[in-house]
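The values are calculated or read from the model by the stated rules, or taken from the named source; none is laboratory data. Note that the coordinates shown come from a computational prediction; the quantities given were computed from them, not determined experimentally. Counting neighbours? That spans all protein chains shown, and the Cβs are built from the backbone with ideal geometry, glycine included.
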Amino acid sequence: MNLPRSQRSTSSPSPSKKLGGRKSGSASSSRAETGTRKLSVKAAAPHLSAEQVALRAYFIGERRRSLGIHGDETSDWIAAETQLLAELKAK
């Protein structure tokens, strides 16, 4: 971008400012590492996209309405998530 030099330096901090004050063996860095490991474990869990759940919820709602069963979109969504997660765990 064509920003003046003074604005460029304030908009993107230098790497030394991000790491300033942290020691490599401190408790805060070990907690950060532990948090990172937990995130990587969660990433390995089955993931459902909102589109998958929405499509399944649509068909659940259509079936519910055609059978005359009372309910709402929220219960359809929850049922869709439950079904899809069960199918993913079965694989």
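Out of everything in the range 20-47 that is modelled with pLDDT of 55 or more and assigned to a loop (DSSP other than H, G, I, E, B), what residue ends up being nearest to Glu87 (Cα to Cα)?
Once the filter is applied, the top-ranked residue is Pro46.
Taking only pairs six or more apart or across chains, which ones have beta-carbon atoms under 8 Å, a first residue in the range 65-90 that is farther than 18 Å from Ala50 by Cα, and a second residue that is surrounded by 12 or more Cβ atoms within 10 Å (Cβ to Cβ)?
From residues that are farther than 18 Å from Ala50 by Cα, the pairs are Gly71/Gly61; Gly71/Arg64.
Return yes when Ala50 is at pLDDT 95 or above and under 17 Å from the mean Cα position of the chain (by Cα) and no when it is not.
For Ala50, the condition - at pLDDT 95 or above and under 17 Å from the mean Cα position of the chain (by Cα) - is met.
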